[in-house]
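Read through the structure below, which is laid out as structure tokens, and then see the notes.
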Amino acid sequence: MTANPPYLLIDIDGVLNPFPGPGGSLPPEYQPHRVDLNGTDVPVWLNSDHGSWITELHSTGLVRPIWATSWQSAAARTIGPRLGLDAYPHIDLGPTKQLTRHPNGYLWKRDAVATWAAQAPLVWIDDDFAHPDHEWARQRALNGVRTLLIQPDPYQGLRCAHIDAVRTWALAIARNARTNGD
């Protein structure tokens, strides 16, 4: 669609792999899997629809998927194939042993993402944004860098409505690029 479509940053835990709710409950559309995460056998729950949703969205040329997860390069080896996804690259988030998810009041991944993305437009799907992350995205957008944060419920994970929101947002960017001759 556009020469440089926005990046679609995808988290795993709480997005593609929901957290168990009270009593260990999970949405019924998720199936159990076991994956080798850097030598550790890890249980995950995945929804096969996610792969087709992301693949279809990517095939439109509206977004460029990339992993933004503590799984880092393991995402493309372990989660992607189980969902039928291409081997998307990942953002190097640095060391992932965090004492808190929001060490500076915002999501620990944000500094690495901001450095990596620079002035590129992006839509970021993560379950763990804090208020300062939303302010960061708002400020980027005010500065002319299209930015959208989508925050699924970590006990429900990614929903079709989230993908629809990404598509609507990315279509608006593509239309604007065509109108402005970008």
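Which one, P103, P154, P20, has the greatest fluctuation when you compute a Gaussian network model over the chain with C-alpha springs under 10 angstrom?
P103
Using a probe of 1.4 angstrom, how much of the accessible area of the stretch 59-109 is carbon and sulfur, in percent?
49 percent
With each pseudo-label sitting 7 Å past Cα toward Cβ, what's the T40-A130 distance in nm, one decimal?
Placing both labels 7 Å along Cα→Cβ, they lie 2.3 nm apart.
Report, to one decimal in Å, the Kirkwood hydrodynamic radius for the stretch 22-129 based on all distinct Cα pairs.
Answer for the stretch 22-129: a Kirkwood hydrodynamic radius of 15.6 Å.
Could you provide, to the nearest whole Å², the per residue accessible area of the stretch 1-151 with probe 1.4 Å?
Each residue of the stretch 1-151 exposes 48 Å² on average to a 1.4 Å probe.
Charges only on Cβ, +1 for Lys and Arg, -1 for Asp and Glu: so what's the dipole of the chain about the Cα centre, in debye to the nearest 20?
In total the dipole reaches around 400 debye.
Report the one residue of P18, T60, N104 whose Cα lies farthest in the direction of the positive end of the charge dipole of the stretch 1-117 (charges on C-beta: Lys and Arg +1, Asp and Glu -1; origin at the Cα centre).
Towards the positive end, the residue furthest out is N104.
Whole-Hz Karplus ³J(HN,Hα) for the stretch 48-55, in order, using 6.51 cos²θ - 1.76 cosθ + 1.60 and θ = phi - 60°, x for Gly and Pro?
4, 4, 4, x, 5, 4, 5, 4
Rg and Dmax in Å for the stretch 108-151, alpha carbons only: what are they?
In order Rg, Dmax, the Cα atoms of the stretch 108-151 give 9.5, 25 Å.
Give the span of the stretch 89-182's Cα atoms along each principal axis, as three whole-Å numbers ordered largest to smallest.
47, 29, 27
Rounded to whole Hz and in sequence order, give me ³J(HN,Hα) for the stretch 112-122 from the Karplus expression 6.51 cos²θ - 1.76 cosθ + 1.60, θ = phi - 60°, writing x for Gly and Pro.
In residue order, the calculated couplings are 5, 5, 4, 5, 4, 6, 6, 9, 7, x, 7 Hz.
Let me check I've understood the local charge: for V113, count other residues with C-beta under 13 angstrom from its C-beta, Lys and Arg +1, Asp and Glu -1. What total comes out?
Value of the local net charge: -3.
Please compute the Kirkwood hydrodynamic radius over the chain, one decimal place, Å, based on all pairs of different Cα atoms.
16.9 Å
Give the residue from G144, H131, L8 lying farthest towards the positive end of the charge dipole for the chain; charges sit on Cβ (+1 for Lys and Arg, -1 for Asp and Glu) and the dipole is referred to the Cα centre.
Looking along the dipole axis, the top candidate is G144.
At a threshold of 8 angstrom on Cα-Cα distance, excluding pairs fewer than six apart, so keeping six or more, what relative contact order does the stretch 60-176 reach in percent?
Here the relative contact order equals 21 percent.
The values are calculated or read from the model by the stated rules, or taken from the named source; none is laboratory data. Computed from a prediction, not measured in an experiment: that's the story for all the values here. Note that we place each Cβ from the backbone using ideal geometry, even for glycine, and neighbour counts take in every protein chain shown. To get the accessible areas, we keep the full protein, side chains included, count just its heavy atoms, and leave off ligands, DNA and RNA. Shrake-Rupley method; radii C 1.70, N 1.55, O 1.52, S 1.80 Å.
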